[in-house]
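Okay, so here's the structure we're looking at.
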Amino acid sequence: MKNKLFGFVIIAFIVSSCKTYISEPSHTNIKEIVSSPDAVLVDVRIPEQYLQGTAKGAINIPLAELQNNVEVLKNKKVVVFCNKGIQADQAMEILNRNGVEAYDGTTWKNVKAIQDETDKK
């Protein structure tokens, strides 16, 4: 009985520690994703910050509203970003947990710089 209980505890620990979300592949080049015509750029800052400046073509879904908009983003390549990357990290967790193919653009200035660099080519 003791061995069965121990085995159950071990299995429960292993299952609970597994991450079951899609993570950003390590070989993915964020520049390629941002430049991709099928990528959805999502600025997760509050509307006031978004209106002060953002990347070209970006939509605004504030972090506080992201969970409620997950279904709209499924089956798309989503690049999330904010001011410093902290909210983008949180957005990545939400999207990954919900099976969305998400990529961390870190900051809106980073994504905009990638766009500007691509436009020069």
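The values are calculated or read from the model by the stated rules, or taken from the named source; none is laboratory data. In this text the structure is predicted, and so the values were computed from the model without any measurement. Glycine also receives a Cβ, built like all others from the backbone with ideal geometry; neighbour counts cover every protein chain displayed.
Structure data summary
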quantity: Qualifying residue in the range 25-40 (condition: at pLDDT 95 or above, part of a loop (DSSP other than H, G, I, E, B) and surrounded by 18 or more Cβ atoms within 10 Å (Cβ to Cβ)); calculated: no
quantity: Residues satisfying the stated conditions in the range 75-111, i.e. of a type in the set (Phe, Trp, Tyr) and either out of contact with any helix residue (DSSP H, G or I) (no Cβ under 7 Å at 6 or more places or on another chain) or within 18 Å of Pro47 (Cα to Cα) (or both); calculated: Phe81, Trp108
quantity: Val80 in contact with a Gly (Cβ under 7 Å, 6 or more places away or on another chain), closer than 21 Å to Ser36 by Cα, aliphatic (A, V, I, L, M) and touching a residue at least 40 places away in the same chain (Cβ under 8 Å); calculated: no
quantity: Qualifying residue in the range 88-96 (condition: at pLDDT 95 or above, touching a Gly at 6+ places or on another chain (Cβ under 6 Å) and among the β-branched types (Val, Ile, Thr)); calculated: no
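Here's the yes/no breakdown for (1) β-branched (Val, Ile, Thr); (2) crowded, with 22+ Cβ neighbours inside 10 Å; (3) part of a helix (DSSP H, G or I); (4) at pLDDT below 95:
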{"residue": "Ala55", "(1), (2), (3), (4)": "no, yes, no, no"}
{"residue": "Asn69", "(1), (2), (3), (4)": "no, no, yes, no"}
{"residue": "Val79", "(1), (2), (3), (4)": "yes, yes, no, no"}
{"residue": "Gly99", "(1), (2), (3), (4)": "no, no, no, no"}
{"residue": "Asn110", "(1), (2), (3), (4)": "no, no, yes, no"}
{"residue": "Asp119", "(1), (2), (3), (4)": "no, no, yes, yes"}
